[in-house]
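A.B. asks: Have a look at this one before I ask anything.
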Amino acid sequence: MAEPGYRKGVAMGGDLSARPAAAKAPVFMIAALRDPREAPLQRIQIIKGWLDGTPQEAVFDAACSNGQPPNAQTHRCDFAGVDFEPDVCAPREASGAAELRVRWQDPDFDPAQRAFYYVRVLQIPTCRWSTYDAARSGMAVPAHLPRTIQERAITSPIWYTPQLTRSQP
């Protein structure tokens, strides 16, 4: 994965080369590793942004820790159940992944449209500090507080600028 990426790829924060009008969408090679002191990984997402009169954004799940591909229509991973033991705030044994890798291609790519792409990696949901406190003290979590948080990491964007023609500003 690394060798072709270094040879033909664009690093985070870089610019993708303009593509001819009939070109296929660019391919993104993405890998994420779990921090061994943190919760397992749940999914890799691609966030695509563009201008179409107003700022637009689309979120695509690209890799799912359950080993299944994202739903082809919704572009979302299908997760069921809770990933941690709520009484002790510990991740379930089979929850999440230590590593996620994916080759992703934009299903809605338009070679004439400026866009940016960045990656977001999400851990499995974990207990919020107030849930830890309630578990340790044997008290109930107050109903108005969320029980979980979901940590995430993001990359710098990769920018795509189409070839400009004489009629474009």
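A.B. asks: Out of everything in the stretch 106-129 that is modelled with pLDDT of 90 or more and among the polar types (S, T, N, Q), what residue ends up being farthest from L41 (Cα to Cα)?
C.D. replies: The qualifying residue farthest from L41 (Cα to Cα) is Q113.
A.B. asks: Now for a separate question. Considering (1) among the basic types (K, R); (2) touching a strand residue (DSSP E or B) at 6+ places or on another chain (Cβ under 9 Å); (3) at pLDDT 80 or above, say which one R19 fails and leave the rest.
C.D. replies: If we test R19 against (1) among the basic types (K, R); (2) touching a strand residue (DSSP E or B) at 6+ places or on another chain (Cβ under 9 Å); (3) at pLDDT 80 or above, just (3) comes out false.
A.B. asks: Being surrounded by fewer than 13 Cβ atoms within 10 Å (Cβ to Cβ), at negative phi, aliphatic (A, V, I, L, M) and assigned to a loop (DSSP other than H, G, I, E, B): is that true of A18 here? Outline the logic, then answer.
C.D. replies: Numbers: surrounded by fewer than 13 Cβ atoms within 10 Å (Cβ to Cβ): no; at negative phi: yes; aliphatic (A, V, I, L, M): yes; assigned to a loop (DSSP other than H, G, I, E, B): yes.
So A18 does not fit the description; no.
A.B. asks: Just checking, which of R136, R120, R128, R152 is surrounded by fewer than 20 Cβ atoms within 10 Å (Cβ to Cβ), among the charged types (D, E, K, R) and either at positive phi or in contact (Cβ under 8 Å) with a residue 60 or more places away in the chain (or both)? Please lay out each step first, then the result.
C.D. replies: Working: R136 fails: either at positive phi or in contact (Cβ under 8 Å) with a residue 60 or more places away in the chain (or both); R128 fails: either at positive phi or in contact (Cβ under 8 Å) with a residue 60 or more places away in the chain (or both); R152 fails: either at positive phi or in contact (Cβ under 8 Å) with a residue 60 or more places away in the chain (or both).
Testing whether each residue is surrounded by fewer than 20 Cβ atoms within 10 Å (Cβ to Cβ), among the charged types (D, E, K, R) and either at positive phi or in contact (Cβ under 8 Å) with a residue 60 or more places away in the chain (or both) leaves just R120.
A.B. asks: Follow-up. Name the residues in the stretch 107-117 that are exposed (fewer than 14 other Cβ atoms within 10 Å of the Cβ), under 12 Å from F60 (Cβ atoms) and not acidic (D, E), would you?
C.D. replies: Result: P107, single match.
A.B. asks: Given the criterion out of contact with any helix residue (DSSP H, G or I) (no Cβ under 9 Å at 6 or more places or on another chain), acidic (D, E), loosely packed, with under 12 Cβ neighbours inside 10 Å and modelled with pLDDT under 90, identify the matching residue among D78, D87, D83, D52. Talk me through it step by step, then tell me what you get.
C.D. replies: Details: D78 fails: loosely packed, with under 12 Cβ neighbours inside 10 Å; D87 fails: out of contact with any helix residue (DSSP H, G or I) (no Cβ under 9 Å at 6 or more places or on another chain); D83 fails: loosely packed, with under 12 Cβ neighbours inside 10 Å.
Only one candidate passes the filter, namely D52.
The values are calculated or read from the model by the stated rules, or taken from the named source; none is laboratory data. Worth saying up front: this structure is predicted, and the values here are computed from it rather than measured. All Cβ positions, glycine included, derive from the backbone under ideal geometry; neighbour counts span all protein chains shown.
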